[in-house]
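Step one of this worksheet: look at the structure below.
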Amino acid sequence: MSYRIRPGKPLEREVVRIAEIQYRSAIDILRRQPDGPYQAIHDARKRFKRLRGLLRLIRGAAPEFSARENARLRDVAATLSAVRDATALVEALDHLLASGAAGENRPALSAIRARLAARRDCIATEETDLEARITVAIATCQDGIEALGDLRLPRSRQKAVAVLAKATARNYGKAVSALETAVESGNAADWHDLRKRIKYHRMHVQLLSRAWPGEMALRAGIADLAGEALGDAHDLDALKTLIATDPDTIGDEAEIAVLRVCMITRSTRLHDEVRKTVSNLLRDAPDVLEARIAALWRDAAG
């Protein structure tokens with residue numbers, strides 16, 4: 001398992017091992033592009049997200065290193081996002097069409113989807129410097145591998161356990177608060193914050209899964225379901241932004257009105273689904289989760 005920290009092994013060595021695997025995997029995908037450049041970019045960005053999740057887990061013990069490398073990954077991902085962002089809007093229409101929110105509005109939604117697909121293809125055609133940006137991304141990954149030599153983490157097992165348990169509980173606590181805020185406010189930004197916290201929790205329990213395989217697998221599965229639903233809702237929010245900034249790309253006023261109604265219906269259902277999905281995932285107090293992870297990790301390491 002390439003994205004698992006092994007209990008009992010030196011934490012610094014494990015983090016370097018996992019990070020190097022993710023970097024080299026991204027480099028290999030970007031070089032070979034087995035399913036074309038855009039799928040390669042999508043797959044490489046997944047590796048970047050895993051790396052950022054790993055960095056959040058050690059941020060308390062290596063704040064300067066984590067901040068620097070997180071910025072490196074954030075910036076390189078942003079240079080490769082244009083077509084992926086446009087594709088996400090097409091997928092948002094696909095999900096609307098497949099959901100009960102479409103109802104009798106399928107013809108209007110299908111017409112809008114066709115325009116968004118044409119917009120995506122146009123953006124792809126205009127990306128004449130894509131290969132150059134991929135080359136830069138590969139070089140950035142190589143720089144990231146070299147930078148791993150700067151990482152310094154606690155050598156004692158007790159301190160390493162504290163780093164992992166505390167970081168996991170900190171993000172978990174923020175997820176609990178984010179859920180409460182999002183449900184109360186209904187704001188897109190608050191739901192998006194919850195999405196980020198849930199995705200990082202999913203990465204953290206995957207990284208720590210060897211200490212608590214059954215529970216961690218269950219948590220990862222629930223977080224996946226919630227993350228997918230929150231991702232769909234986020235794509236609808238991005239579509240809302242496009243309506244506000246470039247409505248002609250979408251369609252005429254009547255079509256946009258239909259789209260808005262369908263989006264509201266779909267978004268409401270997604271948020272209800274998330275609330276039900278994470279109710280058990282986020283039921284414990286953060287300090288309870290921290291103590292449980294610390295105890296289980298010490299047992300697994302011993």
Tell me the relative contact order for the stretch 149-286 as a rounded percent, counting alpha carbon contacts under 8 Å between residues six or more apart. 25 percent
Residue-level accessible surface for residue 65, protein heavy atoms, 1.4 Å, Å²: 20 Å²
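Once you charge only the Cβ atoms, +1 for Lys and Arg and -1 for Asp and Glu, what is the size of the charge dipole of the stretch 1-150 about its Cα centre, to the nearest 20 debye? Before the final figure, lay out each step's value.
Details: 26 positive and 21 negative charges, 119 e Å.
For the stretch 1-150, the charge dipole is close to 560 debye.
Please state the shape class of the stretch 96-148: rounded when a/c is under 1.5, otherwise prolate if a/b exceeds b/c and oblate if not, all from the C-alpha gyration tensor. Provide the component values of the computation, followed by the final result.
Values: a/c = 9.99, a/b = 2.36, b/c = 4.23.
In terms of gyration-tensor shape, oblate.
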In vacuo Debye sum over C-alpha of the stretch 83-187, base-10 log of normalised intensity I(q)/I(0) at q = 0.12, 0.17 Å⁻¹, listed in q order, is -0.87, -0.96
Going residue by residue through the stretch 13-21, the Karplus relation 6.51 cos²θ - 1.76 cosθ + 1.60 with θ = phi - 60° gives ³J(HN,Hα) values, rounded to whole Hz and with x marking Gly or Pro, of 5, 5, 5, 4, 4, 5, 5, 5, 4
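Taking the Cα centre of the stretch 158-302 as origin and charging only Cβ (+1 Lys, Arg; -1 Asp, Glu), how large is the dipole, in debye to the nearest 20?
Numbers: 20 positive and 21 negative charges, 209 e Å.
Dipole size: approximately 1000 debye.
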When Rg and Dmax of the Cα atoms in Å is calculated directly from the model, which label among (1) 19.3, 56; (2) 20.2, 69; (3) 20.9, 65 fits? (3)
Candidate lysines for bridging to residue 159, where Cα separation is under 30 Å - those fewer than 8 sequence places away on the same chain excluded: 9, 46, 49, 174, 196, 199
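At a 1.4 Å probe, what is the % contribution of carbon and sulfur to the accessible area of the stretch 77-190? Intermediate values should be presented prior to the final figure.
Details: 2900 of 5680 Å².
With neighbouring chains kept in place, the figure for the stretch 77-190 is 51 percent.
Leaving out ligands and nucleic acids, note down the accessible area per residue over the stretch 198-302 with a 1.4 angstrom probe, in whole Å².
Details: 4970 Å² over 105 residues.
Accessible area per residue: 47 Å².
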With axes computed from alpha carbons, what is the tilt in degrees of helix 213-245 against the longest principal axis of the chain, rounded to the nearest 10 within 0 to 90? 40 degrees
Take every Cα pair under 8 Å in the stretch 1-136 that's 6+ residues apart, average their separations, divide by the length, and report that relative contact order as a whole percent. 17 percent
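Pairs of Cα atoms under 8 Å, at least six residues apart: use those to get the relative contact order of the stretch 35-109, whole percent.
Working: 24 pairs, mean separation 19.8, N = 75.
Taking the mean separation of contacting Cα pairs over the length of the stretch 35-109, I get 26 percent.
Computing the accessible area with a 1.4 Å probe over protein heavy atoms, can you report the carbon and sulfur percentage for the stretch 204-255? Please report the intermediate quantities before stating the final value.
Values: 1240 of 2270 Å².
Using a 1.4 Å probe with all protein chains present, the stretch 204-255 comes out at 55 percent carbon and sulfur.
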Report Rg (one decimal) and Dmax (nearest whole number) for the stretch 1-111, counting Cα atoms only, units Å. 18.6, 59
In whole Hz and in residue order, list the ³J(HN,Hα) couplings for the stretch 148-157 that follow from phi through the Karplus curve 6.51 cos²θ - 1.76 cosθ + 1.60, θ = phi - 60°; x for Gly and Pro. 4, x, 8, 6, 10, 10, x, 8, 6, 5
Mind giving me the FRET efficiency for residue 33 and residue 276? R0 is 30 Å, r the Cβ-Cβ distance, nearest 0.05 is fine. 0.15
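Using the C-alpha gyration tensor of the stretch 133-240, what are the square roots of 5 times its eigenvalues, in whole angstrom, with the largest one first?
Numbers: eigenvalues 158, 102, 37 Å².
Those come to 28, 23, 14 Å.
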Of 281, 187, 137, whose Cα points farthest to the positive end of the dipole of the chain (charges on the beta-carbon: +1 Lys, Arg; -1 Asp, Glu; origin at the Cα centre)? 281
When the convex hull of its Cα atoms is projected in every direction, mean area for the stretch 6-54 (nm²): 3.4 nm²
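On average, how much accessible surface per residue is there in the stretch 77-135, in Å², for a 1.4 Å probe, leaving out ligands, DNA and RNA? Intermediate values should be presented prior to the final figure.
Numbers: 2820 Å² over 59 residues.
Each residue of the stretch 77-135 exposes 48 Å² on average to a 1.4 Å probe.
The values are calculated or read from the model by the stated rules, or taken from the named source; none is laboratory data. Since we're looking at a predicted model, the values are computed, not measured. Note that each Cβ is placed from the backbone with ideal geometry, even for glycine, and that neighbours are counted across all protein chains shown. Accessible surface is based on the protein model in full, side chains and every heavy atom, while ligands, DNA and RNA are left aside. Shrake-Rupley method; radii C 1.70, N 1.55, O 1.52, S 1.80 Å.
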